1. Once each part is reduced to its C-alpha centroid, what is the distance from region 55-118 to region 122-190 in angstrom?
2. Counting other beta carbons within 10 Å of each residue's own, what order do 180, 158 fall into, fewest first?
3. Let me see the pair-distance distribution of region 62-165: every alpha carbon pair, 5 Å bin width, integer percents in order.
4. How far, in degrees from 0 to 90, does helix 228-239 lean away from the longest principal axis of the Cα atoms of the chain, to the nearest 10?
5. Need one number for region 28-119: average projected area of the convex hull over its C-alpha atoms, nm².
6. Quick check on the exposure proxy: order 147, 119, 177 from fewest to most C-beta atoms within 10 angstrom.
7. Using the beta-carbon distance between residue 146 and residue 205 and R0 = 45 Å, what value does 1/(1 + (r/R0)^6) give for FRET efficiency, to the nearest 0.05?
8. State the antiparallel share, in %, of DSSP beta bridges confined to the chain, rounding to the nearest 5.
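What follows draws every value from the coordinates through simple rules; no lab data is involved. Source: prediction; values computed, not measured. Here the Cβ is made from the backbone with ideal geometry for all residues, glycine too, and neighbour counts use every protein chain on show.
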Ligand code: ZN
């Protein structure tokens, strides 16, 4: 018998131990500070060079730049290396799951990635590190090297829609998997949260690893309230 496909939906809690705050969460920076929210809102960003200048500085000074993968990321890689088919659907933009060693093609980034930038005119993609080097060298708002267009982080800003292709792939995985583990997600942001429901309705065993109750708890076969850094490695080593 082939091994079951394990899907992992990773929310902000997955990267908390790496020192990355939950900016999007109910108590996160974007909700508390409307000025900060403008830095990640598409219309404000496109309209105002001063917002862009501050947004680049925010990216450069973010704790995410220096963050390292944690035990939860490494546990997912260990499961994959044990031969279990694994797909990670992440709400995080930190790229830490790939940096921990999971192949790119096994990670779906619902909210994009802060490790790359895209041109809003020609859509060319390049590295965030390179853009931030230009910022440090004195360019307040570095333009696209190819066409001079406005560059932005390759993340989904407020006011932008999710990539329909990435979302469709995520739904396909939710339908096809035998085990669906939601980790560190409040399961309150759609459409990401609905993936848990799709998986459970498709017959997958739904496991929720999160400190707080979620709207999908009633559908879960297992609910784990322990800290993610210890709970996830235990859970995954039992599957591997
Ligand atoms: Zn361009």
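1. 12
2. Numbers: 180 31, 158 15.
Going from sparsest to densest Cβ surroundings: 158, 180.
3. 2, 12, 19, 21, 17, 14, 8, 5, 2, 0
4. In the chain, helix 228-239 runs at an angle near 50 degrees to the longest axis.
5. Values: hull surface 27.4 nm².
In nm², the orientation-averaged hull projection of region 28-119 is 6.9.
6. Working: 147 12, 119 19, 177 26.
If I rank by nearby Cβ atoms, fewest first, I get 147, 119, 177.
7. Values: r = 47 Å, r/R0 = 1.05.
In this case the efficiency is close to 0.45.
8. Working: 9 of 31 bridges.
Percent antiparallel among DSSP bridges in the chain is about 30.
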